[in-house]
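J.: This is the structure I want to talk about, given as structure tokens.
The values are calculated or read from the model by the stated rules, or taken from the named source; none is laboratory data. Only a predicted model underlies this, so the values are computations on that prediction, with no experimental measurement involved. Reconstructed Cβ throughout: ideal geometry from the backbone, glycine too, with neighbour counts over all protein chains shown. The area values use the complete protein model at the heavy-atom level, side chains included, leaving out ligands, DNA and RNA. Shrake-Rupley method; radii C 1.70, N 1.55, O 1.52, S 1.80 Å.
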Amino acid sequence: MIRDAESLSIGPHRLRNSVLLAPMSGVSDLPFRRLADELGAGLVVSEMIASEELVRERPDVRRRAAGEGLSPFVIQLAGREARWMAEGARVAEAAGADIIDINMGCPAREVTGKLSGSALMRDLDQALTLIEAVVAAVNVPVTLKMRMGWDRDCLNA
């Protein structure tokens, strides 16, 4: 049994415990998230979703962002441009997301090469611009997954 070490809340959402399923591309699809939820996870998060691709309504991206039956329903967005992050957050909220999570932790070259994910840890002004844009765009809580910094020489969290 998972015990509630201390009550956690994100906005109005009180989590049943402090066990959180991190977003994992190619792993945390909807069936996996439902299973983790049924087995007692306090919070499950979608796979990382490229905000621009969500806005453009790519069917595969919409499928990965689905969260029917999960509460709270959390979508994690990734991106580099404030306009796409804000619009992606609006689309996610309209699709029923209860919480928007911003990805500032992915170290994959494909993501950091586009200057998003953990690469934002090297450009805190840009990161703040994205955070402010997302928060202003939606009425649901916004969280942030990040690392301690870009590398051992840049621990800036």
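J.: Calculate what fraction, in whole %, of the accessible area of segment 6-156 sits on carbon and sulfur atoms when a 1.4 Å probe is rolled over the protein chains. Write down the numbers at each step before the final one.
T.: Working: 4100 of 7900 Å².
Summing carbon and sulfur atoms, their accessible area is 52 percent of the total for segment 6-156.
J.: Further question: Counting only heavy atoms of the protein chains, get the accessible area per residue of segment 1-128 (1.4 Å probe) and round it to a whole Å² value. Walk me through the numbers before you get to the answer.
T.: Values: 6600 Å² over 128 residues.
It amounts to 52 Å² per residue over segment 1-128.
J.: Give me the dipole magnitude in Debye, nearest 20, for the chain about the Cα centre, with unit charges on the beta carbon: positive for Lys and Arg, negative for Asp and Glu. Mind showing how you got there, number by number?
T.: Values: 19 positive and 22 negative charges, 36 e Å.
Value, rounded to 20: 180 debye.
J.: What is the Cα radius of gyration of segment 1-84 over 2.2 N^0.38 Å, N being its residue count? Each step should come with its number before you reach the end.
T.: On the way: Rg = 13.8 Å, N = 84, 2.2 N^0.38 = 11.8 Å.
The value comes to 1.16.
J.: I would also like to ask the following. Which FRET efficiency value, to the nearest 0.05, do you get for R122 and S71 by plugging their Cβ-Cβ distance into 1/(1 + (r/R0)^6) with R0 = 35 Å? Could the numbers behind the result be given before it?
T.: Values: r = 35 Å, r/R0 = 1.01.
Calculated transfer efficiency: 0.50.
J.: Further question: Over the chain, what is the percentage of antiparallel beta bridges among all DSSP beta bridges, to the nearest 5? Display every interim value, and only then the final one.
T.: Numbers: 3 of 18 bridges.
Here the antiparallel bridges make up roughly 15 percent for the chain.
J.: Read phi for every residue in segment 112-122 and hand back ³J(HN,Hα) as whole Hz from Karplus 6.51 cos²θ - 1.76 cosθ + 1.60, θ = phi - 60°, with x for Gly and Pro.
T.: 5, x, 9, 6, 10, x, 5, 4, 5, 5, 8
J.: Give the Kirkwood hydrodynamic radius (Å, one decimal) of segment 21-157, defined as one over the mean of 1/r across all pairs of different Cα atoms.
T.: Values: mean 1/r = 0.0677 Å⁻¹.
With all distinct Cα pairs of segment 21-157 included, I get 14.8 Å.
J.: Please list the non-local residues whose amide H lies under 5 Å from the amide H of L8, H modeled 1.01 Å from N, same-chain partners needing a gap of 5 or more.
T.: L15
J.: Continuing with this model, one more query. Calculate how many DSSP beta bridges within segment 73-151 are antiparallel, expressed in % of all such bridges and rounded to the nearest 5. Walk me through the intermediate numbers first.
T.: Details: 0 of 9 bridges.
Of the beta bridges lying entirely in segment 73-151, close to 0 percent run antiparallel.
J.: Apply the Karplus parameterisation 6.51 cos²θ - 1.76 cosθ + 1.60, with θ equal to phi minus 60°, to every residue of segment 83-100 and state each ³J(HN,Hα) to the nearest whole Hz, in sequence, with x for glycine and proline.
T.: 3J(HN,Hα) across segment 83-100, in whole Hz: 5, 6, 5, 5, 5, x, 5, 4, 5, 4, 4, 5, 7, x, 4, 8, 9, 10.
J.: Let me ask something else. Could you tell me the calculated FRET efficiency between F32 and R58, based on Cβ-Cβ distance and R0 = 35 angstrom, to the nearest 0.05?
T.: Numbers: r = 20 Å, r/R0 = 0.59.
After rounding, the FRET efficiency stands at 0.95.
J.: Pop out the ³J(HN,Hα) list for segment 149-157 in order, Karplus 6.51 cos²θ - 1.76 cosθ + 1.60 with θ = phi - 60°, rounded to Hz; leave Gly and Pro as x.
T.: Running phi through 6.51 cos²θ - 1.76 cosθ + 1.60 with θ = phi - 60° gives x, 5, 7, 5, 8, 9, 8, 10, 5 Hz.
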